[in-house]
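Every number here is computed from the coordinates shown, using simple stated rules; none is lab data. Everything numeric in this text was worked out from a predicted model, so none of it was measured. So basically every Cβ, Gly included, is an ideal-geometry build from the backbone, and we count neighbours across all protein chains shown.
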Amino acid sequence: MTENEKEIQGTRVIEVCSSSDLPPGEVKIVDGPDGVRIGVFNCDGKFLAIEDRCSHDDGPLAEGTLDASACTVECPRHGSLFDLETGRPKTLPAYEAVLTYPVIVEDDKIRLEV
Ligand code: FES
């Protein structure tokens, strides 16, 4: 387990930040289990999390352009557009989904189930 991981009632969780530290239109990238990095996005008030690795050619997906109203991110490497709710690409060249993670917001804290 990494420094920011905990186990709560049998579920592994990662502490991300307080919800006020991730305003609409912003992303925070955190370390997940087994060296995976995870992008946590605020899509106009809805928090969503995906693997920070494009399924096409391992591009740094969470560093791409976020469209907060559409809940999509564009891979900075070759431009595939990913749906943050499902992890599925909406445009080529990527055609496989990336992992998504449940986000828990409680007492102003954002946590991920991993
Ligand atoms: S690495 Fe993301 S579209 Fe190619």
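Couple of notes before you dig in:
- Index of the failed condition, Val98 passing every other in (1) more than 24 Å from Glu5 (Cβ to Cβ); (2) touching a Phe, Trp or Tyr at 6+ places or on another chain (Cβ under 8 Å): (1)
- Failed item in (1) closer than 13 Å to Val103 by Cα; (2) in contact (Cβ under 8 Å) with a residue 60 or more places away in the chain; (3) surrounded by fewer than 16 Cβ atoms within 10 Å (Cβ to Cβ); (4) out of contact with any Asp or Glu (no Cβ under 6 Å at 6 or more places or on another chain), with Val40 passing the rest: (3)
- Residue list for region 1-35, restricted to those being part of a loop (DSSP other than H, G, I, E, B), under 28 Å from Glu74 (Cα atoms) and of a type in the set (Asp, Glu): Glu26
- Within region 14-45, the set of residues being over 14 Å from the mean Cα position of the chain (by Cα) and under 17 Å from Glu113 (Cβ atoms) comprises Ser19, Asp34.
- Scanning region 43-72 for residues that are in contact with a Lys or Arg (Cβ under 7 Å, 6 or more places away or on another chain), assigned to a loop (DSSP other than H, G, I, E, B), free of Cβ contacts under 8 Å to residues at least 40 places away in the same chain and buried (at least 21 other Cβ atoms within 10 Å of the Cβ) yields a single hit, Asp52.
- Output for region 69-113, where each listed residue is among the hydrophobic types (A, V, I, L, M, F, W, C), within 15 Å of the ligand (Cβ to nearest atom) and touching a helix residue (DSSP H, G or I) at 6+ places or on another chain (Cβ under 8 Å): Val73, Cys75, Phe82, Val98
- Filtering Arg37, Arg77 for residues that are among the basic types (Lys, Arg) and more than 20 Å from Val105 (Cα to Cα) leaves a single hit, Arg77.
- Unmet criterion (only one of (1) surrounded by 20 or more Cβ atoms within 10 Å (Cβ to Cβ); (2) in a loop (DSSP other than H, G, I, E, B); (3) within 12 Å of the chain's Cα centre (by Cα)) for Ala94: (3)
- Only one entry of Leu81, Leu66 meets the criterion of being under 13 Å from the mean Cα position of the chain (by Cα) and not hydroxyl-bearing (Ser, Thr, Tyr), and that entry is Leu66.
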